[in-house]
């Protein structure tokens, strides 16, 4: 009897094309999907929300919620439905030791108002200054460091901006906004 392919066999998809936990083995029941592409740098494997490579102005452009480059995150319709604590997560906590998202106001203003109105919160880190983002682009070693941290998804591997390494440094760098009150 000549060889006939098994009609129940389904070829295994590539690892970046499936949606399954990294700790679990791929199987034939895994849901297929197209590779994720970052709309900020047009690189495969991550979204704008996880992008560590800024544009030449030091910011990550596009929407972290939609992974679209047609609008910025603070202009997204989905943001209107999100609680203030979750907005701080999107713009500050999730961007810890990463380039800031481009937005109309500064992320520091959002965080400062939250700390002033609600009280102190504890963050693990803060977004880079745009100047540090530009220096990452200009220094090949820093850029490789950032790319490796992004690829492995390791928070502790991310380059730390000395000007935003603590709340005191952030407050010194951005100068406070006490004159608004």
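The values are calculated or read from the model by the stated rules, or taken from the named source; none is laboratory data. Remember, it's a predicted structure, so these values are computed and weren't measured experimentally. In this analysis, Cβ positions are derived from the backbone assuming ideal geometry, glycine residues included, and neighbour counts consider all displayed protein chains.
Miscellaneous remarks
- Number of positions in the stretch 114-152 that are part of a helix (DSSP H, G or I), within 23 Å of residue 88 (Cα to Cα) and in contact (Cβ under 8 Å) with a residue 12 or more places away in the chain: 9
- Within the stretch 80-110, the only residue that satisfies the criterion of being more than 22 Å from residue 153 (Cβ to Cβ) and crowded, with 22+ Cβ neighbours inside 10 Å is 108.
- Any hit, the stretch 65-78, residues being over 18 Å from residue 55 (Cα atoms), surrounded by 13 or more Cβ atoms within 10 Å (Cβ to Cβ), at pLDDT below 85 and in contact with a helix residue (DSSP H, G or I) (Cβ under 7 Å, 6 or more places away or on another chain): no
- Pick from the stretch 158-181, criterion part of a loop (DSSP other than H, G, I, E, B) and more than 16 Å from residue 96 (Cβ to Cβ), ranking: modelled with the lowest pLDDT: 181
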